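The structure that follows is given in the form of structure tokens.
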Amino acid sequence: MANIQVIKDHTIIRNEDFIAKAEQLKPELIRTEAHPVHLIDVVSDASVVHGWRANILEPAEGLSDKSFGKGDQFILDFGTHLVGYLDHIHISPVGSPPDAPLHLKITFGEMPIEMAEPFGSYEGWISSSWLQEEVFHIDILPGVLSLPRRYSFRYVKFEVLAASQKYRVSFDKFACRTVTSADISKVTPLEHPDELIKKIDEVSIKTLQDCMQLVFEDGPKRDRRLWLGDLRLQALANYETFKNYDLVKRNLYLFAAVPNDKGQITANVFTFADLIADDTYLLDYSIFFVTTLYDYYAATQDLQTLTELWPLALRQIEIALAHLDENHLIRDANSWYSFIDWNQELNKQAPTQGVLIYALRRAIKIAEIVSSDALDMLEQQLNHTVISARKHLWDQDAGFFVSGVDLQVSWASQIWMVLAEVWEPQKNKELLNRLLERNPDVRVTTPYLYHHLVEALILVGETAVAVNQMKAYWGEMIKDGADTFWELYDPNHKSFSPYGNPIINSYCHAWSCTPTYLIRKYNL
Ligand code: RAM
């Protein structure tokens, strides 16, 4: 059953059967209750990330003895990252009967910077509405305040904007009702002699757990939605930990349910109410539908889903092939046609060619399993794209792959060409060692691309180097205070944000949860 829907200038062909299938696989959320641990303040400290440090003042129980008047504030620290609802805050007047409403501002933050810097200072290009703050007028006191929205946070700041000259207020009974679809009892505890690896594994799992909601969200603070590139990595980490196969299946069907009229799968979908395909199409993300499906089959042997979704997966490959020029090279463009990484300098041509080759190898495996008549075509295209990458994108003198008209040498190009196995194993190994040694300028800015670096190192047999890289990168994030891993992290520029200000970055981000997959899958 298909339904045509036009959103802006995109025509979406809705598959109601797939939507129904996804609906049936909707998970039950697991709820727990968490309580604040400390009262803190935030102090300026140039030696810590973003320049703000949480400073413990006293245990949270101390709050019930205090009262607050106009201009007063306090900050609760829940001790770790949470995703959930703040319910039933008891607020009582102290002094004369309240002769005016209470005007209260509540600010949620994953990081100390969100408690310190006013959100009004954010002038970046994505919406400031992601910043989590609310203002309430409370007419009846004593009263109980329950906030309807779900928040992603560790810290909560309460500011009394106004009470009156005759009364102050006191607060009691803070509880966060947390939600997740990840069942922690399914995770096998990791036995490992290295404490840092254990800690990295634990933080990865917490990151994944907090992102696992009714779909695999990219980040529970922002964008709170299902992105294909993030899903692919979450699914891999999930197979090694929570083993919630149905959630991956549900998410595959959600994407499959709303392709456009060319058959292309969107980069992300909105799922809070009706299923809506976003009008962002990224070539690499669309291609990842193939590899995510392949990984799902490898983990589950669910042949029925593989067979049902294969035509759409194949369509993503065909669309990508239509993007090749006469030399079988990705036609480059000065646009957001492919994602790869948040580095603004990055040219996407060579890494996208790598993603396509990587996916063709997996598409061929699926075609064999489902006996597809596209098999020959896929094999020929694999051959063409590999030969063309070797011929047109490899700079023999430099010993690197180059990308775009400016022949850019980036980390992303080398990483993806290695994962695509364009050269034989020994040459790939040399290439990665050369990359680490020469350290070309167009570097890695996200844990997303860093994951691919570590996996590429493992693929070429440089396991010890891979472990060192993983420990240096994710371990450093832990040292910088990560309870859950962050969306962006550049160890040389720790306040990096592609959105104009680190205040809006997500500090619990799906694509950063992969160390648990790397550690467990490859026995690191
Ligand atoms: C950001 C999100 C998401 C990612 C896209 C490309 O908006 O953080 O995780 O997949 O970019």
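The values are calculated or read from the model by the stated rules, or taken from the named source; none is laboratory data. The shown structure was predicted, so the numbers you read here are calculated from the model rather than taken from an experiment. Note: ideal-geometry Cβ built from the backbone for every residue, glycine included; neighbour counts use all protein chains shown.
Please verify whether residue 291 is surrounded by fewer than 21 Cβ atoms within 10 Å (Cβ to Cβ) and either more than 25 Å from residue 126 (Cα to Cα) or away from the ligand (no atom under 13 Å from the Cβ) (or both), treating the condition exactly as stated. If you could, list the steps in order and put the result at the bottom.
Values: surrounded by fewer than 21 Cβ atoms within 10 Å (Cβ to Cβ): no; either more than 25 Å from residue 126 (Cα to Cα) or away from the ligand (no atom under 13 Å from the Cβ) (or both): yes.
Against the criterion (surrounded by fewer than 21 Cβ atoms within 10 Å (Cβ to Cβ) and either more than 25 Å from residue 126 (Cα to Cα) or away from the ligand (no atom under 13 Å from the Cβ) (or both)), residue 291 does not qualify.
Report the residue count in region 425-455 for those that are within 16 Å of the ligand (Cβ to nearest atom) and among the aliphatic types (A, V, I, L, M). Spell out how you get there, then give the answer.
Going residue by residue through region 425-455, those that are within 16 Å of the ligand (Cβ to nearest atom) are 444-452.
Going one step further and asking which of them are among the aliphatic types (A, V, I, L, M), we end up with 444, 449.
Here the count works out to 2.
Could I ask something else about it? Is at least one residue of region 492-505 polar (S, T, N, Q), buried (at least 24 other Cβ atoms within 10 Å of the Cβ) and closer than 23 Å to residue 456 by Cβ?
No, because not a single residue in region 492-505 is polar (S, T, N, Q), buried (at least 24 other Cβ atoms within 10 Å of the Cβ) and closer than 23 Å to residue 456 by Cβ.
Can you pull out every residue in region 114-146 that is surrounded by 15 or more Cβ atoms within 10 Å (Cβ to Cβ), more than 20 Å from residue 72 (Cβ to Cβ) and either over 24 Å from the mean Cα position of the chain (by Cα) or among the polar types (S, T, N, Q) (or both)?
Residues satisfying the conditions are 128, 132.
Being within 18 Å of residue 171 (Cα to Cα) and basic (Lys, Arg) is the filter here, so list the residues in region 32-80 that pass it.
Scanning region 32-80 gives 66, 70.
Given the residues 63, 76, 82, 86, which is the only one that is outside the structural domain of residue 255 (by TED's automatic domain parsing) and in contact with a Lys or Arg (Cβ under 7 Å, 6 or more places away or on another chain)? Even if it seems obvious, please write down each step before you answer.
On the way: 63 fails: in contact with a Lys or Arg (Cβ under 7 Å, 6 or more places away or on another chain); 76 fails: in contact with a Lys or Arg (Cβ under 7 Å, 6 or more places away or on another chain); 86 fails: in contact with a Lys or Arg (Cβ under 7 Å, 6 or more places away or on another chain).
Just a single option satisfies the conditions, and that option is 82.
Give the residue, chosen from 200, 140, that is of a type outside the set (Lys, Arg), at pLDDT 95 or above and in contact with a Pro (Cβ under 6 Å, 6 or more places away or on another chain). Give the derivation first.
On the way: 140 fails: in contact with a Pro (Cβ under 6 Å, 6 or more places away or on another chain).
Exactly one residue qualifies, and that residue is 200.
Does region 448-467 include one or more residues that are in contact with a His (Cβ under 8 Å, 6 or more places away or on another chain) and aromatic (Phe, Trp, Tyr)? Talk me through it step by step, then tell me what you get.
In the first step, residues of region 448-467 are kept if they are in contact with a His (Cβ under 8 Å, 6 or more places away or on another chain); the result is none.
No: zero hits.
Next question, about the same structure. Output the residues belonging to region 506-520 that are more than 9 Å from the ligand (Cβ to nearest atom) and out of contact with any Lys or Arg (no Cβ under 8 Å at 6 or more places or on another chain). Step through it out loud before you land on a result.
Within region 506-520, the subset more than 9 Å from the ligand (Cβ to nearest atom) is 507-508, 512-520.
Hits for region 506-520 are 512, 513, 514, 515, 516, 517, 518, 519, 520.
Quick one: residue 372 ticks every box in (1) within 23 Å of residue 293 (Cα to Cα); (2) in a loop (DSSP other than H, G, I, E, B); (3) without any contact (Cβ under 8 Å) to a residue 60 or more places away in the chain bar one, so which box is it?
Exception for residue 372: condition (3).
When you go through 126, 140 one by one, which is the residue that is part of a loop (DSSP other than H, G, I, E, B) and either of a type in the set (Gly, Ala, Ser) or touching a Gly at 6+ places or on another chain (Cβ under 9 Å) (or both)?
126
All but one of (1) more than 19 Å from residue 462 (Cβ to Cβ); (2) without any contact (Cβ under 8 Å) to a residue 12 or more places away in the chain hold for residue 339; which doesn't?
Every condition holds for residue 339 apart from (2).
Would you point out the residue of region 429-454, among those that are in a helix (DSSP H, G or I) and in contact with an Asp or Glu (Cβ under 8 Å, 6 or more places away or on another chain), that is surrounded by the most Cβ atoms within 10 Å (Cβ to Cβ)? Working first, answer last.
Here is the first cut: in region 429-454, the residues in a helix (DSSP H, G or I) are 429-438, 447-454.
The next check asks that each one be in contact with an Asp or Glu (Cβ under 8 Å, 6 or more places away or on another chain); those that pass are 429, 432-433, 447-449.
Numbers: 429: 19, 432: 21, 433: 14, 447: 27, 448: 22, 449: 23.
Only one residue fits best here, namely 447.
Which of the following residues is within 15 Å of the ligand (Cβ to nearest atom) and in contact with a helix residue (DSSP H, G or I) (Cβ under 9 Å, 6 or more places away or on another chain): 421, 487? Full working, then the answer.
Details: 421 fails: within 15 Å of the ligand (Cβ to nearest atom).
Criteria check complete, one pass: 487.
Go through region 219-265 and count every residue that is assigned to a loop (DSSP other than H, G, I, E, B), of a type in the set (S, T, N, Q) and within 15 Å of the ligand (Cβ to nearest atom). Break it down into steps so the answer makes sense when it comes.
Going residue by residue through region 219-265, those that are assigned to a loop (DSSP other than H, G, I, E, B) are 219-225, 241-244, 257-259, 261-265.
When the remaining residues are screened for being of a type in the set (S, T, N, Q), the result is 241, 244, 264.
Among the residues that remain, those that are also within 15 Å of the ligand (Cβ to nearest atom) are: none.
Matching residues across region 219-265 total 0.
Moving on to the next point. Could you list, in sequence order, all residues of region 491-523 that are in contact with a strand residue (DSSP E or B) (Cβ under 8 Å, 6 or more places away or on another chain) and among the hydrophobic types (A, V, I, L, M, F, W, C)?
Result: 508, 510.
Quick one: what pairs do we get from region 229-245, first residue without any contact (Cβ under 8 Å) to a residue 60 or more places away in the chain, second assigned to a loop (DSSP other than H, G, I, E, B) and among the charged types (D, E, K, R), C-beta under 9 Å, 6+ apart or different chains?
Listed by first residue and then by second, the contacts come to 243/183; 245/302.
Let me ask something additional. Would you point out the residue of region 90-113, among those that are within 22 Å of residue 56 (Cα to Cα) and more than 19 Å from the chain's Cα centre (by Cα), that is farthest from the ligand (Cβ to nearest atom)? Outline the logic, then answer.
Step one: of region 90-113, the residues within 22 Å of residue 56 (Cα to Cα) are 105-113.
From the residues that got through so far, the ones that are more than 19 Å from the chain's Cα centre (by Cα) too are 105-108, 112-113.
On the way: 105: 27, 106: 25, 107: 22, 108: 18, 112: 21, 113: 18 Å.
Filtering first and then ranking leaves 105.
So the check is Cβ under 6 Å with 6+ separation or different chains; which pairs have a first residue in region 467-492 that's in the same structural domain as residue 219 (by TED's automatic domain parsing) and a second one that's in a helix (DSSP H, G or I)?
That search, which allows pairs on different chains as well, returns nothing.
Out of (1) modelled with pLDDT under 95; (2) in contact with a Ser or Thr (Cβ under 9 Å, 6 or more places away or on another chain), what's the single condition that is false for residue 178?
Going through (1) modelled with pLDDT under 95; (2) in contact with a Ser or Thr (Cβ under 9 Å, 6 or more places away or on another chain) one by one, residue 178 breaks only (1).
Report, by residue number, each residue of region 295-350 that is within 20 Å of residue 452 (Cα to Cα), of a type in the set (Ser, Thr, Tyr) and in a helix (DSSP H, G or I).
Scanning region 295-350 gives a single hit, 296.
Taking residue 458 as meeting all but one of (1) away from the ligand (no atom under 16 Å from the Cβ); (2) under 19 Å from residue 208 (Cα atoms); (3) outside any loop (DSSP other than H, G, I, E, B), write down the number of the exception.
(2)
So in region 375-417, with the set limited to residues that are among the aromatic types (Phe, Trp, Tyr) and not in a helix (DSSP H, G or I), which one is nearest to the chain's Cα centre (by Cα)? Let's see the steps before the verdict.
To start, the set of residues in region 375-417 that are among the aromatic types (Phe, Trp, Tyr) comprises 394, 400-401, 411, 416.
Restricting the remaining residues to those that are not in a helix (DSSP H, G or I) gives 394, 400-401.
Values: 394: 32, 400: 29, 401: 28 Å.
This residue is 401.
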